[in-house]
Amino acid sequence: MKKIFLLLAVIIGCGLKNILLAQHAIEDFKKLDWLEGTWMRINNKPGRSAHEKWQKISSSEWSGMGVNMSSGVTAFVEKLKLVIKDDNIYYVADIVENRVPVYFKLTSITNDGFVCENPDHDFPKKISYLKDGEKLAATISGNGKSIDYLFERK
């Protein structure tokens, strides 16, 4: 009889833990609302332009697009997504060079920024966003290399 009660306690405990993890992810996901809109890159090389556009799709998914232009011609397009999956938040980057989208797990979040990481990816291993008023600093890094992208809300 004690084994049955112990088993029930473990099952209930695991269920409560999963509910709390899911609720925590949902609450953290709400902290991303500042990301909505179009962000124009302001630290481009001459002759280039770039922007990111983010739109909230649901309470568990954001859709984004990063576009880089060179002399008025599209040079690079990146499909982006922020999504709750398995009670965690992931930044998902989908580019032509990769066979499948790359998932970066959210490792920290505040009301005006977040960090996502995938230590198994070649580059980047870490992606961070930090908003300061109407400006946004995004940094990709890994393997001793770091690239900064500075944006301003359009």
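Remarks
- LYS125 vs. criteria under 26 Å from ILE26 (Cβ atoms), more than 12 Å from the chain's Cα centre (by Cα), surrounded by 15 or more Cβ atoms within 10 Å (Cβ to Cβ) and not β-branched (Val, Ile, Thr): no
- Scanning segment 81-136 for residues that are among the small types (Gly, Ala, Ser) and either in contact with a helix residue (DSSP H, G or I) (Cβ under 6 Å, 6 or more places away or on another chain) or assigned to a loop (DSSP other than H, G, I, E, B) (or both) yields a single hit, GLY133.
- Segment 45-65, residues that are free of Cβ contacts under 8 Å to residues at least 40 places away in the same chain, under 22 Å from LYS30 (Cα atoms), of a type outside the set (Lys, Arg) and assigned to a strand (DSSP E or B): TRP54, GLN55, ILE57, SER58, GLU61, TRP62, SER63, GLY64, MET65
- Residue within segment 98-107 that is out of contact with any Leu (no Cβ under 6 Å at 6 or more places or on another chain) and closer than 17 Å to GLU36 by Cα present: no
- Residue count, segment 79-92 (criterion: crowded, with 16+ Cβ neighbours inside 10 Å and either of a type in the set (D, E, K, R) or touching a residue at least 24 places away in the same chain (Cβ under 8 Å) (or both)): 8
- Among the residues listed as ASP112, ASP148, the single one being surrounded by 13 or more Cβ atoms within 10 Å (Cβ to Cβ), touching a residue at least 24 places away in the same chain (Cβ under 8 Å), of a type in the set (D, E, K, R) and closer than 23 Å to LYS31 by Cα: ASP112
- One residue from TRP54, TRP39, TRP34 being under 20 Å from LYS81 (Cβ atoms), at pLDDT 60 or above, surrounded by 13 or more Cβ atoms within 10 Å (Cβ to Cβ) and in contact with a helix residue (DSSP H, G or I) (Cβ under 7 Å, 6 or more places away or on another chain): TRP54
The values are calculated or read from the model by the stated rules, or taken from the named source; none is laboratory data. Remember, it's a predicted structure, so these values are computed and weren't measured experimentally. FYI the Cβ positions are ideal-geometry reconstructions off the backbone, even for glycines, and counts take in every protein chain you see.
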